[in-house]
């Protein structure tokens, strides 16, 4: 019975993930639609989903609104790829001024980015922006694999050589001190190499340019028995591979001095730079994929996206309070919205970015590139893109997905 319940819960989480993904796609297409309406473009169809229509309505002006069977994707059609016959309507897409076409093409991803800022405001209102790393985080001890006498788990404090009653030599001016790490205390790392922890700037990103054998500078903080907060600078010399890995995988925690924005005003101040920080992270990941620093197992397509979203939501719902669950949902919405925006602005054939490139070329040349040639390029682009997404999903499923919850 419990397995059946778990199965339906999983289906529910995945359904919620699909709904959230479709919400962001709808926002994207609405961005195209609303700017096209403002600029008086001829619009053929606004569709949510793909495949056969399960609901279709034709407005008096000829626009078709449809909800389609497969809950993946969507489109706002302007007839821009129709090359069968010349379109003499001055309001058709290809007959509009280039700058107007650029606005319409740009606006889909732009609406995703705007919605991400709204989601980020809600997220930061619920969870805050600042984060620190808890050195009490427990990890599996790799030594146990080769030495049965070694403990199965080890804390980050132990890996950093700040275990119970261990001496930590730090530098605050000319001061040195001895710190006793008690069992009921919580010692946190606030910054690494001068960069503070937050929702995205964790140790894993900070240590990208730090190598084994380097010195790493920390700001650590803890709470004394009298409730006072103590903060010290710590220099970890000649960092080992284990220490580097432990720091890279450390979990974030709320700071001891509670530097959290729980008001909308504070969240709004952080939401825009936070969103640009996420976009920067996505560009860095793309760069690492291109240069080979990241492998195929680090990416996935629609199946991977839905699965990861569903798993994250399910984990939060099973073990966290309502505000944490909402924060997790808006965290995912922010991430995926910015991901959609960045991806659609890339100059990849069939995506908005490539279509914008063709419009810019037409604007500079004073005449368009052959429409049939452009249509073929976009057709080949979408076929290759869909093929890559399927391949990425298959590769991701083979390497990452555990299906035991379906049994």
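Any read-out appearing in this document is the output of simple, stated calculations on the displayed coordinates, not a laboratory observation. Bear in mind the structure is a predicted one, so any value in this text is a computation, not a measurement. A quick note on method: Cβ atoms are made from the backbone with ideal geometry, for glycine too, and the neighbour counts reach across all protein chains shown.
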Worksheet item: If you count, for each residue, the other Cβ atoms within 10 Å and average over each peptide, how do 235-243, 267-275, 92-100 line up from highest to lowest?
Response: 267-275, 92-100, 235-243
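What order do you get for 384, 76 when you list them from fewest to most C-beta neighbours inside 10 Å?
Values: 384 13, 76 22.
Going from least to most buried by this count: 384, 76.
Just rank 226, 214, 352, 89, fewest to most, by other beta-carbon atoms within 10 angstrom.
On the way: 226 5, 214 14, 352 25, 89 11.
In order of increasing Cβ crowding within 10 Å: 226, 89, 214, 352.
Highest mean first, how do 35-46, 371-382, 116-127 rank when packing is the count of other Cβ atoms within 10 Å averaged over residues? Can you show the working numbers first?
Numbers: 35-46: 17.9, 371-382: 14.6, 116-127: 23.3.
Ranked from most to least packed, the peptides come out as 116-127, 35-46, 371-382.
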Worksheet item: With a 10 Å Cβ neighbour count serving as the proxy for reagent exposure, in which order, fewest first, do 197, 22, 356 appear?
Response: 22, 356, 197
Worksheet, complete the sentence: The correct pair for region 338-391, radius of gyration to one decimal and Dmax as a whole number, both in Å and from Cα atoms, is 12.2, 40
